[in-house]
Amino acid sequence: MVKSQSFSSIIDSVERAIAELRRGQPVVITDGKKELIVSSVEAQSPKRGKVQVVVTGARVGKKGKAYLATIDATKLASFVGLTPPSSSRRRPGSTTGSKMDPGLRRDDELSLAALQLMKAAELLPACIVLKKSDTPIKVSVKAIAQYEEAVAYSLQEVCRAPLQLKHAGKAEIIGFRPASGGKEHYAIIVGKGLKSKAPLIRIHSSCYTGDLLDSLACDCGDQLHTALHKMQEEGGGIVLYLMQEGRGIGLVNKLRTYQLQEQGMDTVEANQTLGFDDDERLFLPAAEILKRLKIKRVRLLTNNPRKVSELERLGIKVEARVPHVMHAGSHRAGYMGTKSRKMGHIL
């Protein structure tokens, strides 16, 4: 566990690096002995010559976490997934039977840290390796490894406000902000949700397309509203609304997966094609918010066994898993089938 006195220094150094990467600047990653200078593939567009690029094992169909490739600059966009494939039958980064075989080699912890940093920045998990740079921004491998924990452990309540909800009646919303000043998470308290010894809880990851736009591609919006209604019916409950869009990959990357799904891939294949795991979410923020609300035992409204095991591992007793299955319909039947077959959801 990260020590509380280290929160600030860890978060500050990683947040500076994230800000630089998102505005197209390189950063230096160091383990104290070696250094790696990297830049986001979304910001750099070399026109010619050979380019060294770090990609995830998922991107190239390998079991290792990080791989270093040397490729022709003209093939960079398709290799890292910036441009969607012309066919859904082969991942654009696959080296099997491909003329763009880059001679992959498994790389070290500096490269792995670089990919973790790209994910934290909600950029594509791939980066260009530079030979030199004038950047003053340097971040350690250790800080990157501890960043997500530091953010979660530093969450503090910042405000409470009453709400009158269409699907739940009288409620209260509580905002929790990390020491980084970054994305807030929210607890929506329905009825007497805080007074129960084991309240009905829903951990809900933000879904802009489903929650706000009523997209038919997923069941997220239905799950949110149905959860609130169920809580009202039984007199109380709590929705933990976590800002982890697209199962933790960010909204822009989720839209990229939609491009791939339009070409025939399912949601898991699309994530992996971009270089992500099938689910990048962290449930430590949920456990920490529950602890700050002095809740030790819950009944969890979910079809995902991973949420149960993660909360248990993080010190929250799950007394029961309450099924939360939505109607599939023609638009989302494939999506829900994939969640069942490949992600272990109980539907």
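Worth pointing out:
- Under 16 Å from the Cα of LYS62 - aspartates and glutamates, other chains or at least 8 residues apart: ASP101, ASP107, ASP108, GLU269, ASP277, ASP278
- Mean-position separation - Cα centroids, segment 187-210 and segment 121-166, in angstrom: 25
- Per-residue Karplus couplings for segment 192-200, computed as 6.51 cos²θ - 1.76 cosθ + 1.60 with θ equal to phi - 60°, are listed in order as 9, x, 7, 9, 6, 6, 9, x, 6 Hz, Gly and Pro entered as x.
- Here is what passes the span test in the chain: the DSSP H helices with alpha carbon length of 15 Å or more along the helix axis and a Kyte-Doolittle mean of -0.5 or above are 7-22, 109-120, 141-153.
- Here segment 120-260 is treated with +1 on each Lys and Arg Cβ and -1 on each Asp and Glu Cβ, and its dipole about the Cα centre works out to around 340 debye.
- Restraint check, LYS230/LYS307; LYS119/LYS197; LYS119/LYS317; LYS142/LYS317, Cα-Cα greater than 28 Å: LYS119/LYS197; LYS119/LYS317; LYS142/LYS317
- The region of the chain that goes longest without hitting one of the trypsin sites (Lys or Arg not before Pro) in a DSSP loop, each with at most 10 other Cβ atoms within 10 Å, is 198-293.
- Of all DSSP beta bridges in the chain, antiparallel share, percent nearest 5: 75
- From the coordinates of this entry, percent of Cα pairs over 37 Å apart is computed, and it appears in [x] 13; [y] 23; [z] 43 under the label [y].
Throughout, read-outs are computed from the coordinates displayed, never taken from laboratory work. The model shown is predicted, which means the values in this text are computed figures rather than measured ones. Positions of Cβ are backbone-derived with ideal geometry, glycine not excepted, and every protein chain shown enters the neighbour counts.
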